[in-house]
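Some notes on the structure that comes next.
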Amino acid sequence: MKKREFWMLVTPSLVVMVGLLAVPLYRTIEWSLQNVNYGDPGTFIGLSNYTTALTDPRFGRAVVFTVGLTLVVTAILLVLGYLLAVAVNRLHRMRPIVLGLLLLAYVIPGLVGATMFSWLFDSNFGGPVNYLIAHVTGQDLLWFTDTWPNRVVLTLNIVWFLLPFAMLVILAGLQSVNPEVLEAAKIDGAGPFRLHWNVIIPSVSGVIGFVILISLMDVLRVFDPLVALSPQAAAIGNESIMFYIYSVAFKDGGQQLGLGSAINVLLIIIIGIMLIPSIRATAREGSR
Amino acid sequence: MRTSLRTNGALALTAVAALGLAACGAGSKTASSTAAQVTCDVAKPSKPTTVNVLAYNSSAIDPYTNTMVSSCSKNDYTLKHEPIDFPGQVQKTTATLAGASGTYDIVETYGFVIPQYGSQNKLAPLNDLFTKYADSYKLNDISKDMRAAMTYDGKLYALPMQAQMYIMAYRKDVFDQVGLQPPKTFEEMKTAAKTIQEKAGIKYPIALPWLATGDIVTSYDCILGSLGVNLTNFDTKTANFDKPQAKQALDEMIALKPFMDPQVTTFAQPAVQQQMYNGTGAIAIMFSGRMNDLTLEKNSKYAKSFAFAAPPKVAADSAKLYDTLSVDGWSIPNNTAVDKDALFQMIASSVSEEASKASLPAAYPARSGMVSDSSSPYAAAANVSITSAPPAEPYPWTADVSNKITPIIANAVLGKITTDEAVVQMQQAATAAIAAAK
Amino acid sequence: MTISATQDVVARKVLGADEPPRRRRFTGTSVLVGGFLILTCLAMLSPIVWTAMSVTKPTDVAFLNPPVFTWQPTLDTFVDLWQTTNFYQYVINTLVVAVISTVLALVLGLPAAYALSRAPGWISTLLLVVALIFRALPRFAVVLPIYDLARSVGLYDTTFALALALVAINQPFTIWLLRNFFADIPTTLDEAAMMDGCSRFQVLRRVMLPLMGPGILTAGIFVFLFAFQEYLTATILTDVNARTVPVFIATQLGQTLPMLQQAGAAAVLFTIPAIAFAFIAQKYIVAGLSAGSVKG
């Protein structure tokens, strides 16, 4: 393709992306070095926002919580997603129906889904989950006041809306498993566990890597579910980094925009660090 | 492929049809279209103007909002109001007042934040406009005390529409069943709660809004006030958390915990209302603006079983009740682009005599002489409560001090720190906040 | 059957559409698997089902504790939501934002994706990496400056600004998705058309686009879906005029009855298009999601 044609086709999209993605990103970095508010030109204060952020225990708690949540959710997604994909793979006529039912959780907006989830668990508003648990075990779990029950609810909700995606992707991967290799393994006397662990999983390692990548990326930036499920997030130590940024850089009208921007940059770095193994694997896969 | 396209097309058509049909009824019964109509004769603007009103939804505020929107949307003025909950209003108020321009032109405010916004010059002083329109809108009938509550440094920053004070709502049927009278002190309240626990089977009879990121500090402030101490001392510019009553107030809160739902630190007032609707609470103490909902049969089958009284005192020798008086009013941000004179006429008409009358029984209007004991089921309680509330603290640092001590109080109530540690931390935080308020 | 339908093939495989019918055998494993699937489906649907139940209950028992499981169903809440709030306006806003986003995303993305699909191989890996990097960014890092820009330009709280922001945020993914579809169309078609005297643009318009039906549909559905699901960007960039349904629901979380129940009704109403996506557009969603994972 001629150079001129290439650039004429690409430029409109490039302009939008540079103007609304690259430039804002640059602005965030600029703001992180300033004491600034919306509409202000801002005063340069060097790295002091970063030192404030890094020495703030609230930031440390947010990082620990977010990273922990990410790892737990990713692990659950892999296991459940794989099991579900294998199960759905056995279906034939029912498959579109079951897929449709499962996809609902993925398609519903995160906030709407989290709101519905919160009503399941809120005993003051008639949550049936509490009702059942109290009936069966007599225990009263405080899903919104206590730290760990709240973490369970958050984990459940995030798994709930990411599971269809994980399952679909792994299901797609399962389609390309070589049936002959499977047959050979079965003839060799491999039981179901060995079949999966030694034959199937290695051959779908590409899609599993993809699920890990997307799951890490998305859960590190979790925000919507906390609005509905954990309004007390900061008080009980369940604040995600994005939620922290929101309360610092926007909620109060941007009084601490510089600090919020610094935390944004730090979050980018954290995401980058956690994604390095995944990106390396994807690049290796892509160049194969 | 063709069939799926056909189904897609059919679906799209049905969707459009449904939308079209339904659009006929859309927004037809917005509360503002069923509100009282009052005179609102604002001169026509130079070009069609939209006025955005920020006000949270509650059965007490809604009548004023709706009257304003429906009566003043004419002559090229369109007033818009979107439903929003109280935390949302707090957040949007901060956001809209923060910059050189804002989204909202009329903002609902309350006495607590007036000193802060007044000292920061975020709100337009209304003294001159008040004098100009006092006669045509009979503004001098608005209670002087309430106007004072919305004044800072001699400038009136909001036009009062109503007062809200703490009211105690209780289940008369349960009280009669176990032979109880409405409690007059915290001790009596705890005894009553214990009796209800044992004899009426209600596990957590006491319901107070103790949201750990907000309401809990109001409750603390009321207890402290009932014990005769303010949060801070204006003359010496010091905080009062080194006094024994500061620790005592925390201890009082902790003593109430066995009678309250374990999730209470996640409860704002709507959740406390829900406790009463459910019948899982028997005694609730919160702002009068939330009382009307309790009497509506649509909301609860216990609607007819509620009775109301003034809140109890904390100690038997307390001079004041566990109570607070908050004045709600309309203010005009300094950064609005709409003509402030016109805006003032709008808010003045929304607090007119007819509008105030129409807000009964849900609200306690700021106009003098509107509320007699028979105006509503809780009017008698309100009239008692309003005279015995601890004094307000209209200092520029009060809001900031409250915000800073809120998480500490929450930690103490949740048992994460001892009350001794808590008051030390509160004293530190408050002293810093006072120093910062310049 | 279109030439560029490799994605279509993948989707059909995932959906099991072309498998020969198998004889059913009720072995122990299949009972176990069946049970597992039923339980999972029930668990995944439970929030939606419970909320749907809550909003068809009369207001005084909707959120009653302990919960009631038998009641007189009523549609009053939906009627109230529709008539007493501006819900209709919020729905319109959401639709407008979604449609503008989709149209703009395609108009901008199609030429770029075509150009990138006919470019040397290292560019496509670069594109993949760039798309991933931008997808991984925390939204606030991008949206807060856009908020600042929108306010200074006077476009704050407009559906257009929100749509434009969403277009930009989703461009890398859109281009990457479309590029994969374009890559399936053999370049011999380009060359043949150009030998006949077509310019590149004419090739794109007359030869490629007709073949890109599934691709355009897939990308369009995804962009529409992302716009429909968006809460974070919408809450930052809108206020009174351009409020969308998820933002409305979020502002009602702290309300009391009956407005809380109306928020639930809004949530349920918003599930209906979700059902349409999950069942009718299923093939395209599957194709789009699988496109990322399956290499060729």
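The numbers here are math on the coordinates, done by the rules we state, and not lab data. Quantities reported herein were computed from a predicted structural model and do not represent experimental measurements. Because the Cβ atoms are built from the backbone with ideal geometry, glycine has one as well, and the counts that use them run over all protein chains shown.
Brief remarks follow.
- Straight-line cross-link partners of B:LYS184 among the lysines, defined as a Cα under 18 Å from its Cα and at least 8 positions apart when in the same chain: B:LYS172, B:LYS194, B:LYS313, B:LYS320.
- Of the trypsin sites (Lys or Arg not before Pro) in the stretch A:1-40, the ones in a loop by DSSP (not H, G, I, E or B) with at most 14 other beta carbons within 10 Å are A:LYS2.
- Cα-Cα pairs of the stretch A:189-232 separated by more than 11 Å (percent): 72 percent
- Sorted from longest to shortest, the spans of the Cα atoms of the stretch B:355-419 along the three principal axes equal 47, 28, 21 Å.
- The charge dipole of the protein assembly as shown, taken about the Cα centre with unit charges on the Cβ atoms of Lys, Arg (+1) and Asp, Glu (-1), comes to about 2960 debye, rounded to the nearest 20.
- For the residues of B:207-217, the average number of beta carbons from a partner chain within 10 Å of their own beta carbon is 2.
- B:THR131-C:SER30 pseudo-label distance in nm [points 7 Å out on the Cα-to-Cβ vector]: 9.2 nm
- Virtual spin-label span in nm between B:ASP153 and B:ILE254, 7 Å along Cα→Cβ: 4.1 nm
- Ignoring lysines fewer than eight residues from B:LYS74 along the same chain, the ones with Cα atoms less than 29 angstrom from its Cα are B:LYS29, B:LYS44, B:LYS47, B:LYS92, B:LYS122, B:LYS132, B:LYS138, B:LYS340, B:LYS357.
- The angle between the Cα long axis of helix C:139-153 and the longest principal axis of the Cα atoms of chain C comes to about 90 degrees, rounded to the nearest 10.
- Of all DSSP-defined beta bridges confined to the protein assembly as shown, some 70% are antiparallel rather than parallel.
- Dipole magnitude for chain B: about 960 debye, using +1 per Lys or Arg Cβ and -1 per Asp or Glu Cβ, origin at the Cα centre.
- Amide H contacts for B:THR238 (H built 1.01 Å from N in the peptide plane; partners 5 or more residues away or on another chain; cut-off under 5 Å): B:ASN233.
- Above 28 Å, the calculated P(r) of chain A contains 53 percent of its Cα-Cα pairs.
- Residues of type lysines that B:LYS416 reaches as a straight line, Cα spacing below 23 Å, ignoring anything fewer than 8 places off in the same chain: B:LYS243, B:LYS247, B:LYS257, B:LYS404
- At most 10 other Cβ within 10 Å, DSSP loop - chymotrypsin sites (Phe, Trp or Tyr not before Pro), the stretch A:41-139: none
- In a reduced charge model with +1 at each Lys and Arg Cβ and -1 at each Asp and Glu Cβ, the stretch C:56-206 shows a dipole moment near 400 debye about its Cα centre.
- Förster radius 30 Å - calculated FRET efficiency between B:THR50 and C:LEU75, Cβ distance, rounded to 0.05: 0.35
- Candidates B:THR236, B:THR265, B:THR109, ranked by Gaussian network fluctuation over chain B, Cα under 10 Å, top entry: B:THR236
- Full extension of the chain between A:ILE269 and A:LEU47 gives 78.4 nm of extra length, using 0.36 nm per residue less the Cα-Cα distance.
- With at most 15 neighbouring Cβ atoms within 10 Å, loop trypsin sites (Lys or Arg not before Pro) (DSSP) excluded, longest segment of chain C: C:26-294
- Evaluated at q = 0.10, 0.19 Å⁻¹: base-10 log I(q)/I(0), Debye formula over Cα of the stretch C:79-290: -0.52, -1.33
- Diffusion of the protein assembly as shown by Stokes-Einstein, at 10 °C in a medium of 1.306 mPa s and with Rh set to the Kirkwood radius over alpha-carbon pairs, works out to 52 µm²/s.
- Dividing the radius of gyration of the alpha carbons in chain B by their Kirkwood radius gives 1.01 for Rg/Rh.
- Charge-dipole axis of the protein assembly as shown as Lys and Arg at +1 and Asp and Glu at -1 on Cβ define it, positive-most pick from B:PRO160, B:MET286, C:VAL91: C:VAL91
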